[in-house]
Structures are given as structure tokens and as C-alpha cells.
Amino acid sequence: MEIPSNCILIIFGASGDLAKRKLIPALFSLHIQNRLPEGFAVLGIGRTPLDDTAFRERLSKQVHEFYSGAVDAEAWSAFSQRLFYLTMSPENAEDYPQLKERLAQLDAEYKVGGNYIYYLSIAPSVYGTIVTNLGKQGLQKEESCTQCWKRLIIEKPFGYDLASGQELNRKVLKVFREVQVYRIDHYLGKETVQNILVFRFSNGIFEPLWNRNFISHIEITAAEKAGVEGRGEYYDSAGVIRDMVQNHLLQVLGIVAMEPPASFQADTVRNETVKVLSALRPIRPENIESQVIRGQYVSATIEGQKVRGYRDEDKVPPYSRTETYIAMKLFIDNWRWGGVPFFIRAGKRLPTRVTEVVIHFKPTPQILFEDHDAPAQSIPNQLIIRIQPNEGILLKFGMKLPGAGFQVKTVSMDFHYANLSDTHVPEAYERLLLDCMLGDATLYARRDAVESCWEFIDPILRKDAENLESRIFSYPAGTWGPRQANDLFNGYSDGWRSPCKNLAQDGQYCEL
Ligand code: BG6
């Protein structure tokens, strides 16, 4: 178990949502597992006037809500002694000498030797300013100490479109070198997403089938039951394309579709995902309407409760045309995937929370076993990789029903992560924060990957922005999105795999 070198994590936006919901609970969990170095401190930064004690007290209250297990009072008390706070305005260059001084104090106290991680958990509009301000104080420099490092973690969105994404990269890379920049995509930190790599590249049996010769099509679904949950203002300027597709879903696609890397080094792996992302076939403007289905949820009653429509959510304009659902069909133009469609969809206020990848294998060339009472059908072999919840893998294939004749029934073979019960499954942020401390960027998005994603997404965003008549379909909250999303499958199957059965009786029951 490798323990990182002593370091300080500086969180810009420490009084915000991400810090309390994800970052502090993840760090606390690492503390409990003894994965943090002896000399480790967190310096929270924010405009909210707080001192160290008030910051700790605030987090002590919040941790009970956001930490997944029971909070051990003694462990928390020891951990909280590592938390510090500095009230300053991240936009104000004059506040940075203060930051430098505080860092020097903590550095001496914790024997950190100049190892700092700056975490931008703040409005993206100020990323550029913060980076410039850090640069003015030389706080990014690694030459100022022997063998020390300075790293920068940036949260998505990495820009608003291709031009602003490139501009942000330029600004950041004026101050930091690319190897110092860690663009976090928490989907890459999910155990089951990483397991796709292990599943594909540590087993001899699947990889030979993983191509256009054996696979008919692939689905990737990221469904959420929740609505925009008080984030109406942000969400309305983003929409699901920027919020989920440009980053999370395309990164997952990169992992599903990549070539085997020659080694498991950060850049070797990332070179392969970039190749996939840059081979995405651009969707031509005249095909956007037929390949991209946009939807927005409207009010409905779910489990006896009336749920607001998107346009009635707080801080969402009443005539908003922002999409809360997207389904698209795309192609990767390379030898492995030529002609294989990938169907991806994401949305809010769908019937349940589920993220999964479904690999549909081609049918047998001949149907030998016909059921006389039903039309001849080949058994669809599917491999379902469930990313969340009920993390696991399910393989579907045909078996003979006992008895006379040759009736074939689809059966499943499944593996559940929960069965590895004695193993702690780390939260995405735990894994990613630790990796950054260890200097491992494998699961972080590189500049070229982010820009390739924007290149693919940009024409779709532009078409929607330019064409106020572009279609957006409504769907009742609590349903699987507009029915037009099934038409994308013309010629492949009847539509999206339904991850859940018996929804009418039990909204939570999902296969796997
Ligand atoms: C975030 C999006 O990046 O991912 C949210 O901004 C979304 O809108 C969330 O709800 C989904 O993450 P997860 O881990 O719950 O699937």
C-alpha cells in the first residue's frame, strides 16, 4: 500500500457543496484507512468569513450527513485537527501573499517540503483568474524546492464549448505544465468503470470478441431519478449534454472502446482513450435531428407525489429550452468499431438511478432451435456492465428448457461487487484524490481528450443554439424519456434495454 508524500491540499471553494458532500468525506475515509501521509493538512479557502475552529465545527456537523458510514468521534477529532481555513477572495490577486504565507507556516508545521495540490472546487468562471494569481506568486513552481511537486485539480465543466475549453487550457498551461494538471472526472474514479479495464484486459475470453465482427451495437445509459435539486441556475446554462455527456459518458465510452494499452502507465492508457475520442465521427448538421434526441421533463405524479416539471424548478426560466434528457447514436471510425453504432443516453427524472453499459453481440448466423408457438428468434447475447447501483456484470445467453423439444430460454450469469464483501469499495473521490497525491494521472482527463470531446459535442450545441426551432420533446417526470429515443435503434433492436422490471410494482427493482 503506497502512502503519498507529505502534502497540503488547498481547496478553493471550501465552504461549497462539493467540499462538504464529497471531498471532506473522501479525505476522512482515507484518514481512517491510514492512506494519508503523516504530514497532511487541508487548507480550505473561501470568501465566507470563518476561522479554523468554525470551519472544523461546520464540517463536523456536515460529515454525519455526507459520510457513508458511521462517524467515529475519535477518528473525526484527530482528522479535523488537520483542517485549516483561510478567508480570502480567490479573484483578488492582493490576497495571494496571505495564502503564500499561510502555506509556508503549514508547510513548516507538517514538514511538507513544498508539495501542494490546489483543488478548484469553485465556479468555473474564476478558474483562469485563480491560476493566474497562483502564478503571480510563483505558487506553481516546482524548482523552488528539491523533489517537491505542485499539482492542480480542476473540476468539470472544463469550458462551455470547444472555444472556451481551449481557452481555459491555454490559460492553465501558461502557468502550470500539463503533467501538473489533473482534470477530474469522477466517473473515471468509479470502481466499476475501472473494472471495465480489468475485465477487458485481464481475461483472454472477451477481448477477441470485442469488435465489429462479433458486436452488433453498444448502449451506455446514465439515468438519474433526481431532478436538478436546487442547481437550476447552473443546470439551465449547461443542460445534460455539457453536464453528463461531454465528460462522463464520453470518458466511459473511451474505456469501453479503447485498444489494449501496451502498459498501464498514465500516458499509455490515456493515449488509447484519446485515439477513440478523436475517432468519433462528427455528426453532420443535417443528421443531428435524426441522431440526437433531446428531451425535457414535465410535471407528473411519481409514487403518489406530484413532481414539478423542469420549467417550474427554482431559477429555471419558464420558457427554458435546456435539455434534461439526451439520447444519441454515434459511430467510432476505426478498424475495431467501423459500422458499430453506440447508443448513449442520460437524463434527469427518469424512473430510477442506473448507469450501465450493454454490449449486444451479433446473433448466430442460423436459428436452429425454433419454437413452434413463436416467431423464429435468435437469442440475444448481452453483456451488461452495471456501473451503479448493484455494481456488477451480467452475461445473458440461451439454454435449453428441460423437457421435450428444444425450447431455448435466455438465462443470466452474474457477478455482484457486493459479494466481495470484505473489501472496501472506495468512493470515486477517494480513489482520485489519492491518485493525485501519488502523482498518478491515469484516471484523470488529459487536455487532448477534453478537447476531442468538445470537438464532437460542439456542432450539436451550436445547432441547438442557432436553431430555436430545434426539436426538444417533453417527457413526464418518472418515465424513460421521449419515445422518439427508441427510433434511434431502427434496424438494431426495438429500443433501449430496460434495466428495470416490474416498475409498476416496485420502482427500485432493477435486474442485477
Ligand atoms: C455530476 C453532474 O457531474 O454527476 C450531476 O453535475 C449528476 O448533475 C452527477 O447528478 C451524477 O453523478 P453520479 O456519481 O451520481 O452518477
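The values are calculated or read from the model by the stated rules, or taken from the named source; none is laboratory data. What you see is a predicted model, and the numbers here were worked out from it, not measured in a lab. Note that each Cβ is placed from the backbone with ideal geometry, even for glycine, and that neighbours are counted across all protein chains shown. With ligands, DNA and RNA removed, areas are computed over all heavy atoms of the protein, side chains included. Shrake-Rupley method; radii C 1.70, N 1.55, O 1.52, S 1.80 Å.
Results, tabulated for the structure shown:
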{"read-out": "Lone qualifier among Val408, Val425 - being free of Cβ contacts under 8 Å to residues at least 60 places away in the same chain and open to solvent by 30 Å² or more (accessible area, probe 1.4 Å)", "value": "Val408"}
{"read-out": "Number of positions in region 208-224 that are in contact with a Phe, Trp or Tyr (Cβ under 9 Å, 6 or more places away or on another chain), more than 16 Å from the ligand (Cβ to nearest atom) and not hydrophobic (A, V, I, L, M, F, W, C)", "value": "6"}
{"read-out": "Considering residues of region 230-252 that are more than 29 Å from Ile196 (Cα to Cα) and open to solvent by less than 10 Å² (accessible area, probe 1.4 Å) only, the residue nearest to the ligand (Cβ to nearest atom)", "value": "Tyr235"}
{"read-out": "Thr322 vs. criteria over 26 Å from Tyr492 (Cα atoms), away from the ligand (no atom under 16 Å from the Cβ), under 22 Å from the mean Cα position of the chain (by Cα) and open to solvent by less than 60 Å² (accessible area, probe 1.4 Å)", "value": "no"}
{"read-out": "Hits in region 277-290 - residues which are surrounded by fewer than 17 Cβ atoms within 10 Å (Cβ to Cβ) and closer than 21 Å to Met244 by Cβ", "value": "Arg281, Pro282, Glu289"}
{"read-out": "Which numbered condition Ile302 misses (of (1) more than 16 Å from Ala223 (Cβ to Cβ); (2) surrounded by fewer than 21 Cβ atoms within 10 Å (Cβ to Cβ); (3) more than 16 Å from the ligand (Cβ to nearest atom))", "value": "(1)"}
{"read-out": "Options Phe40, Phe12; residue that is open to solvent by less than 20 Å² (accessible area, probe 1.4 Å) and under 24 Å from Tyr127 (Cα atoms)", "value": "Phe12"}
{"read-out": "Residue in region 348-358 that is within 16 Å of the ligand (Cβ to nearest atom), buried (at least 18 other Cβ atoms within 10 Å of the Cβ), within 22 Å of the chain's Cα centre (by Cα) and on the phi > 0 side of the Ramachandran plot present", "value": "yes"}
{"read-out": "Top-ranked residue of region 159-202 - restricted to ones that are open to solvent by 50 Å² or more (accessible area, probe 1.4 Å) and among the polar types (S, T, N, Q), ranked as nearest to the ligand (Cβ to nearest atom)", "value": "Gln166"}
{"read-out": "Subset of region 102-155 (residues that are surrounded by fewer than 20 Cβ atoms within 10 Å (Cβ to Cβ) and basic (Lys, Arg))", "value": "Arg102, Lys111, Lys136, Lys141"}
{"read-out": "Any hit, region 74-90, residues being over 21 Å from His31 (Cα atoms) and under 28 Å from the mean Cα position of the chain (by Cα)", "value": "yes"}
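Condition check ((1) at pLDDT below 95; (2) open to solvent by less than 20 Å² (accessible area, probe 1.4 Å)) across all residues:
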| residue | (1), (2) |
| --- | --- |
| Glu455 | no, no |
| Ala465 | yes, no |
| Leu468 | yes, no |
| Tyr475 | no, yes |
| Arg483 | yes, no |
| Phe489 | yes, yes |
